[in-house]
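S.K.: Structure below; questions to follow.
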Amino acid sequence: MDLNAVTVFAQVVDCGSFTHAAETLNMTKSTVSRKLVELEQHLGVRLITRSTRSLVLTPEGEKFYQSSLQMLEIINQAELEVSANQDLVRGPLNVVLPVELGHQVLGSYIHQFLLDYPHVTMNLELSNREVDIIGEGIDLYAQIGDLEDSNLVSRYLTSSKRALVASPKYLAQYGDITSHQDLVSPHHMVEVFNKAARLPKWHLQPDTGESYHIDLPHRLRVNTITACLKACIDGLGIAVLPEFICREHFASGALVRLLPQYKMPEVQVSLVYADRQLMPKRKKVMIEYLLNAFQQRT
């Protein structure tokens, strides 16, 4: 297989056109087109469906594109391993973080990493969607809760304490809560539900060691912690929220911490990535950078 043709194919996909790919690669458009045809003939499948206005990857093309990115990355890493510049941390990183985790916890560390390593570029997506780390070519993802895919590497970063909270307005309408036995109808919750967080159920544990499972109906279901916090402050229900985002609202009186004599399970936050033997140095450095930063924080 002609690796140069693989490079041309990946560049065409990235640029979205033969013309832009040719300019980027400093080739003629006809050379780019010929290389792609030769690659398709070698593989025996069509990789890209061409029209006058757009290029669309075929299912086979999508699979080959993801594999070609890994192939080219391995080749690039191999070159770096034997080059005089192997100590230079450089190149692109593709990072996805859950929204609030990115805004309120990891964002400043990511920014400092980029300041410390000026030759690294990053595509940072803040999203609560479900991600396919391997299929999407994601270098690093921050997982809230348990990891389900055993094919991925998970490194513990930190833990988040949770608090059971409500607003004074809500409690005035539905009644005070002094025991787990009070958590029954007409009480209801504001629930956070998204693909980014795999959170444990509501369990309350007193000092006696016995655990109580709470199952309230939800009046409102939202996909971000920020939306849940706002709804809870506005009196729409009881919520379980990260303790650190509630502190200022406890101080102002906008939120009341319920049943502080009970403990709730902490939620683990982990750095997750695909296990590659030839991991780019920039990726190794970023992972260790974040792990060390949080270790120093504790």
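S.K.: Picking from Pro206, Gln143, Leu57, whose Cα lies most toward the positive end of the charge dipole for the chain (charges on Cβ: Lys, Arg +1; Asp, Glu -1)?
M.R.: Farthest along the dipole direction, towards plus: Leu57.
S.K.: Would you please give the residues with an amide H less than 5 Å from that of Lys263, counting only those at least 5 places away or on a separate chain, with H modeled from the backbone geometry?
M.R.: Those lying under 5 Å, H to H, from Lys263 are Gln205.
S.K.: Please report how far the C-alpha centroid of the range 1-61 lies from that of the range 238-298, rounded to the nearest whole angstrom.
M.R.: 43 Å
S.K.: Separate question: What spacing in nm lies between the two simple spin-label points modelled at Arg155 and His103, each 7 Å away from Cα in the Cβ direction?
M.R.: Simple spin-label model gives 2.7 nm for this pair.
S.K.: Roughly how compact is the range 1-69, stated as its Cα Rg over 2.2 N^0.38 Å to two decimals? Walk me through the numbers before you get to the answer.
M.R.: Values: Rg = 10.7 Å, N = 69, 2.2 N^0.38 = 11.0 Å.
In units of the globular-protein estimate, the range 1-69 measures up at 0.98.
S.K.: Rounded to the nearest 20 Debye, what is the dipole magnitude of the chain about its Cα centre when Lys and Arg each give +1 and Asp and Glu each give -1 at the C-beta?
M.R.: On the way: 28 positive and 33 negative charges, 102 e Å.
That gives a dipole near 500 debye.
S.K.: Give the Rg/Rh ratio for the chain, taking Rg as the radius of gyration of the Cα atoms and Rh as the Kirkwood radius, to two decimals. Could the numbers behind the result be given before it?
M.R.: Values: Rg = 24.9 Å, Rh = 22.6 Å.
Rounded to two decimals, Rg/Rh equals 1.10.
S.K.: For the range 128-169, give the magnitude of the charge dipole about the Cα centre (Cβ charges: +1 Lys/Arg, -1 Asp/Glu; no others), in debye to the nearest 20.
M.R.: Magnitude of the dipole: close to 520 debye.
S.K.: In degrees, nearest 10, range 0 to 90: what is the angle between the Cα axis of helix 281-297 and the longest Cα principal axis of the chain?
M.R.: The angle comes out at about 20 degrees.
S.K.: Over the chain, what is the percentage of antiparallel beta bridges among all DSSP beta bridges, to the nearest 5?
M.R.: Values: 24 of 40 bridges.
Antiparallel: roughly 60 percent of the beta bridges in the chain.
S.K.: What accessible surface, in Å², does a 1.4 Å probe find on Ser160, ignoring ligands, DNA and RNA and rounding to the nearest 10?
M.R.: Accessible surface of Ser160 is approximately 20 Å².
S.K.: Compute the acute angle (0 to 90°) between the alpha-carbon long axis of helix 243-252 and the principal axis of greatest extent of the alpha-carbon atoms of the chain; round to the nearest 10°.
M.R.: 50 degrees
S.K.: Give me the accessible area of Ile238, 1.4 Å probe, in Å² rounded to the nearest 10.
M.R.: Approximately 0 Å² for this residue.
S.K.: From the phi angles alone, apply the Karplus equation (6.51, -1.76, 1.60; θ = phi - 60°) to the range 62-74 and give each ³J(HN,Hα) in whole Hz, x where the residue is Gly or Pro.
M.R.: Karplus-based 3J(HN,Hα) across the range 62-74 equals 5, 5, 5, 4, 4, 5, 5, 4, 5, 4, 5, 5, 5 Hz.
The values are calculated or read from the model by the stated rules, or taken from the named source; none is laboratory data. Given the structure is predicted, the values throughout are model-derived calculations rather than measurements. Heads up, the Cβs are rebuilt from the backbone with ideal geometry, glycines too, and the neighbour counts pull from every protein chain shown. Surface accessibility is based on the protein's heavy atoms, side chains included, excluding ligands, DNA and RNA. Shrake-Rupley method; radii C 1.70, N 1.55, O 1.52, S 1.80 Å.
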